[in-house]
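Input: a single structure, listed below in structure tokens.
The values are calculated or read from the model by the stated rules, or taken from the named source; none is laboratory data. Bear in mind the structure is a predicted one, so any value in this text is a computation, not a measurement. Cβ placement follows ideal geometry from the backbone for every residue including glycine, while neighbour counts extend to all protein chains displayed. All accessible areas refer to the heavy atoms of the entire protein, side chains included, with ligands and DNA or RNA removed. Shrake-Rupley method; radii C 1.70, N 1.55, O 1.52, S 1.80 Å.
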Amino acid sequence: MLSFESFSGSLDDWWNILAQLPDREVFQTPAWIRFIAESQKATPVIATLKDGGTAVGYFAGLTVKKAGFKILGSPFIGWGTERMGLRLLPGVSKPHAVEAITRYAFGELKCSHFEFGDAAIAPDDVAGLGFSCKSTATPVVDLTADEDAIYSRMSSKSCRYCIRKAEKLGVIIEEAKDDAFADEYCDQMRDVFAKQRLVPTYGVDRVRLLMKHLLPTGNLLLLRARESEGRCIATGIFLGMHETAFFWGNSSWRADQHFCPNESLHWYAMRYWKRRGAKSYDFCGGGEYKRKYGGVEKELYHFTKSKYRWLSVGRNMALKSFRMYQRIAGWQKK
């Protein structure tokens, strides 16, 4: 029977193993785990899947305390993390691996709630294990074609036109690594949310922590769009490693939308990560404005399970309450 046990080495030892796996992604790296640990006051959980005495898979997540309950997230909602989950060697049963990590979560870790997202795990893999499932369709752009082909797949009116217009108006995209970037991004983000009469879900401290942990790795791209006179009008945050790049966040001033900076930020990011070996560009969630870049929508599933049924109800109520707070706070700022 498959079973999980705590990984005995350090996070760097863990990555020396994971770096050899073909499906490795930025969200399992030591830097990302440390970023989540510090920003969420969470404790990393690294575990090895054993079949007898042989290692056949790995798991990365973190535990947090919410309302007195211990929760294992891989990831947890609100962490700004697309997926984490399992990494399995070829031939390992996905249902048996999920069953093993569930026993580990509620048994050895003594958690009351467990949730995870994994690009390789589908609802059939958790059938009969008591998980609830939520799916999100996210556009994924194929970066394996040449740049002309990638560009041609974008919408001619709502995307390619905007990229050309920004260029004609003198918009320049630059890579950023300076401390001022976090403040610019969050100032613009507040303006974006204000348009919808909402307030942001996180603040400048999280962006600073992201920069602290990820910039040294080379897996974080920060972009700034400037108009012809040098004023910053938009910013973007993008992640990438191995074969996959991810869109993490994008902000801009409402008054400067006529410059069309956002499309140029994405186009720059796609080419940047393509040159570094990425084969796909994941928009990390749905949204009508993401469809115009020529991606193919793929389903990502997020699975949740609670030790007590009423705890799942409480979690969902808490999410609804937070969204209500966002809306009320946004109205108050108008």
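Short version: ³J(HN,Hα) in whole Hz for each residue of the stretch 168-176, in order, from phi by Karplus 6.51 cos²θ - 1.76 cosθ + 1.60 (θ = phi - 60°), x for Gly and Pro, what are they?
5, 7, x, 5, 10, 9, 10, 7, 10
Report the charge-dipole magnitude of the chain in Debye, nearest 20, computed about the Cα centre from +1 at each Lys and Arg Cβ and -1 at each Asp and Glu Cβ.
For the chain, the charge dipole is close to 1280 debye.
Would you mind checking the tilt of helix 204-214 against the longest principal axis of the Cα atoms of the chain, expressed as 0 to 90 degrees and rounded to 10?
It is inclined by approximately 70 degrees.
Using the heavy atoms of the protein chains and a 1.4 angstrom probe, tell me the accessible area per residue for the stretch 82-218 in square angstrom.
49
Evaluate E = 1/(1 + (r/R0)^6) for Ser228 and Arg197, where r is the Cβ-Cβ distance and R0 equals 45 Å; express this FRET efficiency to the nearest 0.05.
Calculated transfer efficiency: 0.90.
Under the 0.36 nm per residue contour assumption, what length would be gained going from the current alpha-carbon distance of Arg208 and Ser152 to full extension?
Value of the extension gain: 16.6 nm.
To the nearest 500 deg cm²/dmol, what mean residue ellipticity at 222 nm is calculated for the chain from DSSP H runs of n ≥ 4 alone, each contributing -39,500 (n - 2.57), summed and divided by the residues?
-10500 deg cm²/dmol
Give, in nm to one decimal, the length gained when the segment between Lys279 and Ala67 is fully stretched (0.36 nm per residue of separation minus the Cα-Cα distance).
72.2 nm
So which lysines can Lys177 reach, going by Cα to Cα under 18 Å and dropping same-chain residues fewer than 8 places off?
Leaving aside lysines fewer than 8 places away in the same chain, those within reach of Lys177 are Lys212.
If I compute solvent accessible area with a 1.4 Å probe over the protein chains, what percent of it on the stretch 148-196 is carbon and sulfur?
Percent of accessible area from carbon and sulfur atoms in the stretch 148-196: 49.
Would you mind getting me the FRET efficiency between Lys41 and Ala137? Use the beta-carbon distance for r and R0 = 41 Å, nearest 0.05.
The computed FRET efficiency comes out at 0.85.
Which of these, Tyr293, Tyr202, Tyr308, has the largest mean-square fluctuation under a Gaussian network model of the chain (Cα springs below 10 Å)?
Tyr308
For the chain, take the longest principal axis of its alpha carbons; what is the angle in degrees between that and the long axis of helix 180-195, to the nearest 10 within 0 to 90?
Helix 180-195 sits roughly 90 degrees off the main axis of the chain.
Give the residue list of GluC sites (Glu not before Pro) in the stretch 45-124 that are DSSP loop and have at most 14 other beta-carbon atoms within 10 angstrom.
Qualifying residues, ordered by number: Glu108.
Could you work out the Kirkwood radius for the stretch 70-123, taking every pair of different alpha carbons, averaging 1/r and inverting it, reported in Å?
One over the average 1/r among Cα pairs gives 11.8 Å for the stretch 70-123.
Once you order the gyration tensor axes a ≥ b ≥ c over the Cα atoms, which shape class does the stretch 18-72 get: rounded for a/c under 1.5, otherwise prolate or oblate by comparing a/b with b/c?
oblate
For the chain, just the Cα atoms, rotate onto the principal axes and tell me the three extents in Å, largest first.
63, 48, 34
What residue among Glu288, Glu297, Glu25 shows peak mean-square fluctuation when the chain is described by a Gaussian network model with Cα springs under 10 Å?
Taking springs between Cα atoms under 10 Å, the residue moving most is Glu288.
Below 10 angstrom from the Cβ of Arg83, what's the summed charge of the other residues (Lys, Arg +1; Asp, Glu -1)?
Within the 10 Å Cβ shell, the charges total -4.
For the stretch 245-296, what % of the accessible area comes from carbon and sulfur atoms, probe 1.4 Å?
Percent of accessible area from carbon and sulfur atoms in the stretch 245-296: 51.
Gap in Å between the Cα centre of the stretch 4-66 and the Cα centre of the stretch 155-211?
31
If you build a Gaussian network model of the chain, linking Cα atoms that sit under 10 Å apart, which residue out of Glu174, Glu184, Glu263 swings the most?
Sorting by GNM fluctuation, first place goes to Glu174.
Going by a ≥ b ≥ c, the root eigenvalues of the Cα gyration tensor, does the stretch 1-151 fall in the rounded group (a/c under 1.5), the prolate group (a/b larger than b/c) or the oblate group?
The shape class here is rounded.
In the neighborhood of Lys212, defined by Cβ-to-Cβ distances under 15 Å, what is the net charge if each Lys or Arg adds +1 and each Asp or Glu adds -1?
-1
Taking a probe of 1.4 Å, how large is the accessible area per residue of the stretch 1-43, in Å²?
Ligands and nucleic acids excluded, the result is 48 Å² per residue.
For the chain, find the longest principal axis of its Cα atoms and tell me its angle to the long axis of helix 94-106, 0 to 90°, nearest 10.
80
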